[in-house]
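Visitor: Take a look at the following structure, please.
The values are calculated or read from the model by the stated rules, or taken from the named source; none is laboratory data. Everything numeric in this text was worked out from a predicted model, so none of it was measured. Virtual Cβ from ideal backbone geometry, glycine too; neighbours counted across all protein chains shown.
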């Protein structure tokens, strides 16, 4: 009887230790969206700010006519000429690309262009420059 209790306690301890050693999953950022079967992520301005602290993506402003950028923007390509300018983007189709425009409409069209051209890691800033400025954040001219 004593050995069975000890054995059960050892098993419980091992299970607890294994659970404690599991790698914590990275918290999900943004909301997954679907565009005709193509997936992308929509992020808030605070999420975009956090991502910019350890930037590991290409930031793309697709607003036309161009007026200003969120700091650390890498490229400006109008949503309406994006298909002809894909060569300016990373060649790797799984490269993380964060897209924004003034308020979101042009971004959605740009996301459609990117995902239908095989890009698989597309993120969009919800509300674009309008939301960025409403949060009191700076832009660059």
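Visitor: Six or more apart or on different chains, Cβ under 7 Å: which pairs go from a residue in region 101-130 that's in contact (Cβ under 8 Å) with a residue 60 or more places away in the chain and on the phi > 0 side of the Ramachandran plot to one that's crowded, with 24+ Cβ neighbours inside 10 Å and in a helix (DSSP H, G or I)? Could you list them?
Guide: Close Cβ pairs satisfying both conditions: 128/107.
Visitor: Restricting the search to region 37-49, which residues are part of a helix (DSSP H, G or I), out of contact with any strand residue (DSSP E or B) (no Cβ under 7 Å at 6 or more places or on another chain) and surrounded by 12 or more Cβ atoms within 10 Å (Cβ to Cβ)?
Guide: 47, 49
Visitor: Restricting region 127-141 to residues that are crowded, with 18+ Cβ neighbours inside 10 Å and closer than 21 Å to residue 80 by Cβ, which is farthest from the chain's Cα centre (by Cα)?
Guide: Result: 129.
Visitor: For region 103-129, how many residues are assigned to a loop (DSSP other than H, G, I, E, B) and over 19 Å from residue 46 (Cβ atoms)?
Guide: Initially, region 103-129 is screened for residues assigned to a loop (DSSP other than H, G, I, E, B), giving 103-104, 117-121, 126-127.
Filter once more, so that each one left must be over 19 Å from residue 46 (Cβ atoms): 117-121.
Counting residues in region 103-129 that are assigned to a loop (DSSP other than H, G, I, E, B) and over 19 Å from residue 46 (Cβ atoms) gives 5.
Visitor: For region 78-100, enumerate the residues that are within 19 Å of the chain's Cα centre (by Cα) and free of Cβ contacts under 8 Å to residues at least 24 places away in the same chain.
Guide: Scanning region 78-100 gives 91, 92.
Visitor: Continuing with the same structure: Filter region 11-36 for residues that are part of a loop (DSSP other than H, G, I, E, B) and loosely packed, with under 10 Cβ neighbours inside 10 Å; which is modelled with the highest pLDDT? Talk me through it step by step, then tell me what you get.
Guide: Restricting attention to region 11-36, the residues satisfying the condition of being part of a loop (DSSP other than H, G, I, E, B) are 22-30, 36.
With loosely packed, with under 10 Cβ neighbours inside 10 Å added as a condition, the list becomes 22-28, 36.
Details: 22: 51, 23: 47, 24: 46, 25: 47, 26: 48, 27: 55, 28: 70, 36: 85.
Per the stated criteria, the residue is 36.
Visitor: Within region 50-64, which residues are in contact (Cβ under 8 Å) with a residue 12 or more places away in the chain, assigned to a helix (DSSP H, G or I) and more than 9 Å from the chain's Cα centre (by Cα)?
Guide: At the first step, the residues of region 50-64 found to be in contact (Cβ under 8 Å) with a residue 12 or more places away in the chain are 50-52, 55-64.
If we keep only those that are assigned to a helix (DSSP H, G or I) too, we end up with 50-52.
Answer for region 50-64, where residues must be in contact (Cβ under 8 Å) with a residue 12 or more places away in the chain, assigned to a helix (DSSP H, G or I) and more than 9 Å from the chain's Cα centre (by Cα): 50, 52.
Visitor: I need a count of the residues in region 91-115 that are surrounded by fewer than 17 Cβ atoms within 10 Å (Cβ to Cβ) and either more than 23 Å from residue 37 (Cα to Cα) or touching a strand residue (DSSP E or B) at 6+ places or on another chain (Cβ under 6 Å) (or both).
Guide: Of the residues in that region, 1 qualify.
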